[in-house]
Amino acid sequence: MKIFETHAHYDDESFNEDRDHLITEMLGASGIIDSIVNIGASLKGCKDSLALAAKYDKVYAVIGIHPSDVEALTLNDIEWLGENAIKNPKVLAIGEIGLDYHYEKPSKSIQKKWFIEQIALAKKVNKPIVVHSREACQDTITIMKQEDAKSVGGIVHCYSYTKETAKDFLEMGFYFGIGGVITFKNAKKLVEAVEYIPMDKLLLETDSPYLAPEPNRGKRNDSTNIPFIAEKIAQIKGISTAQVIDKTNENARKVFHLIQ
Ligand code: NI
């Protein structure tokens with residue numbers, strides 16, 4: 001069974017040497033990937049994501065500006081995102097957007113401003129959001145509640161918080177992107193969260209080229225590593241890997257409105 005990859009960055013320069021070959025192989029007759037959602041993080045990343053989606057039938061784009069890249073963002077840029085989200089049916093969501101307090105820049109207030117602005121954009125164009133949240137749990141939940149993110153729904157990508165926090169996102173109807181971190185030895189907290197989150201809210205993702213799962217940790221990641229993540233979730237949930245793939249594929253098509 002082929003796999004729906006919900007979060008990758010094939011526009012990244014680390015794929016410059018073999019991008020087309022890799023994507024063609026993965027999506028080809030003998031490849032294991034059904035569809036790829038390429039996620040924009042910077043304005044350039046968004047343009048590149050749109051180009052990849054135009055080039056490959058089974059590649060989709062999500063466009064939005066990552067919290068670490070919002071420093072120079074303008075309302076004109078937001079307008080450009082909105083125009084593309086409306087006119088291009090292969091744009092599935094607005095993202096990745098959110099808060100990242102791991103680094104001190106951009107300031108928290110700038111990050112919050114553009115997170116709020118981009119949730120408003122998603123509501124305007126009626127698309128779900130893909131949320132990046134790192135070391136910013138409480139502010140992320142507060143803003144999502146205040147801005148009624150529930151009305152568009154979406155994904156908390158690379159979920160890294162506790163099962164208690166998962167409850168807040170579940171109440172807003174959100175899905176959880178689970179990546180390579182789940183295979184790491186120190187992932188106890190995340191394993192507990194995945195035990196707790198219902199199977200119909202889990203998604204498979206790699207965040208390629210980052211966060212390759214064990215046994216490939218530290219190497220460049222790509223979507224062919226997804227089975228390691230699916231196997232780990234299958235262990236945690238006490239079901240087969242095929243069942244994990246089947247259910248998460250269905251979840252992916254639901255969250256991105258590719259099926260009802
Ligand atoms: Ni990402």
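A short reminder: the numbers here are calculations on the coordinates, not readings from a lab. What you see is a predicted model, and the numbers here were worked out from it, not measured in a lab. Neighbour counts are summed over all protein chains in view; Cβ atoms, including those assigned to glycine, are modelled from backbone coordinates with ideal geometry.
Details
- Size descriptor for the stretch 45-87, Kirkwood hydrodynamic radius: 11.2 Å (Cα pairs only, one decimal).
- Rounded, prolate or oblate (a/c below 1.5 giving rounded, otherwise prolate when a/b exceeds b/c) for the stretch 220-260 by Cα gyration tensor: oblate
- Length available on full extension from Lys145 to Arg220: 0.36 nm per residue minus the Cα-Cα distance, which gives 23.4 nm.
- Per the Debye formula on identical point scatterers at the alpha carbon atoms of the stretch 106-260, with no solvent, log10 I(q)/I(0) at q = 0.17, 0.20 Å⁻¹ is -1.01, -1.32.
- Quarter of the Cα convex hull surface for the stretch 121-168, i.e. its orientation-mean projected area (nm²): 3.2 nm²
- Links that overshoot a 20 Å alpha carbon limit, given the list Lys201/Lys232; Lys58/Lys237; Lys2/Lys247: Lys58/Lys237
- The stretch between Glu171 and Trp80, if pulled fully straight at 0.36 nm per residue, gains 29.6 nm over its current Cα-Cα span.
- Distance in nm between pseudo-label sites at Gln235 and Lys113 (7 Å out along the Cβ direction from Cα): 4.6 nm
- Dimensionless Rg/Rh of the stretch 1-121 - Kirkwood Rh, Rg from C-alpha atoms: 1.01
- By the compact-protein rule of thumb, 2.2 N^0.38 Å, the alpha-carbon radius of gyration of the chain corresponds to a ratio of 0.93.
- Contour minus Cα-Cα distance for Lys254 and Glu135 (0.36 nm per residue): 40.0 nm
- Using the average count of surrounding beta-carbon atoms within 10 Å as a protection proxy, the listed peptides 90-100, 233-243 rank, highest first, as 90-100, 233-243.
- The chain: relative contact order as a whole-number percent, Cα under 8 Å and 6+ apart: 18 percent
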